[in-house]
Amino acid sequence: MGGIELEFSTRKMTERYAIEILGWKYEQPYDLYNNVLSGEAILELTRHSYKAILSEMKIVGFYCTGIDAQVSAGHEVGAYQDDCIDIGLGMRPNLTGKGLGNKFLHYILKELQAEYKGCIRLTVADFNKRAIHLYEKFNFVERHTFLRNDMKFIVMVKED
């Protein structure tokens, strides 16, 4: 793990956290996950289901649930018809690829399972092999695929 040990805590998304997250810049090919800082984007993160994940009072990631975690094009192919809770997540760019994904995802799943029972679903871009490998380690399995602007997405489900 490169000597990095993090203890996580969850906080309500604030404007300050949202602005920091919206400024994160990922290297190619992960730049798909880059955002644009705007008033609308700040409202999106602070008004909806987004939660900030902190370590030592610094933001290290976030997650969201429900429709906020879905890719709109998935609705056209019925990818979100099952009764599951959808999750979306992101980690600070300089922490990715350092072996922290297991602990990060485990923490989020533990948080969710305290609130939700049943299956958990997520959507991931097909090129993101690192994330797909992580999700498979947590027993997520592919259920659907769909295209959005020539990019393939995979919908993965973890049964209870």
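Only a single item in (1) hydrophobic (A, V, I, L, M, F, W, C); (2) at pLDDT below 95; (3) within 17 Å of Leu95 (Cβ to Cβ); (4) under 16 Å from the mean Cα position of the chain (by Cα) is not met by Ala52, and it is number (2). When Lys25 is tested against (1) at pLDDT 95 or above; (2) buried (at least 18 other Cβ atoms within 10 Å of the Cβ), exactly one condition is not met: (2). Pairing residues of region 72-92 that are at pLDDT 95 or above with residues that are among the charged types (D, E, K, R), at Cβ distances under 6 Å and at least 6 apart in sequence or on separate chains, gives Asp86/Arg121.
If you go through region 122-131 and keep only what is surrounded by fewer than 17 Cβ atoms within 10 Å (Cβ to Cβ) and either hydrophobic (A, V, I, L, M, F, W, C) or in contact (Cβ under 8 Å) with a residue 60 or more places away in the chain (or both), you end up with just Phe127. Going through (1) without any contact (Cβ under 8 Å) to a residue 12 or more places away in the chain; (2) over 18 Å from Ala18 (Cα atoms) one by one, Phe153 falls short only on (1).
Checked against the criterion of being over 17 Å from Ala131 (Cβ atoms), in contact (Cβ under 8 Å) with a residue 24 or more places away in the chain and of a type in the set (Lys, Arg), the candidates Lys51, Lys58 yield just one match: Lys51. Give all pairs with beta carbons closer than 7 Å in which a residue from region 103-120 that is closer than 18 Å to Gly90 by Cβ meets a residue that is among the basic types (Lys, Arg); count only pairs at least 6 apart in sequence or on separate chains. If the second residue must be among the basic types (Lys, Arg), the pairs left are Ile120/Lys158. Considering only residues in region 132-160 that are of a type in the set (D, E, K, R) and outside any helix (DSSP H, G or I), the one that is surrounded by the fewest Cβ atoms within 10 Å (Cβ to Cβ) turns out to be Asp150.
The values are calculated or read from the model by the stated rules, or taken from the named source; none is laboratory data. Computed from a predicted model, the values in this text were never measured in an experiment. Virtual Cβ from ideal backbone geometry, glycine too; neighbours counted across all protein chains shown.
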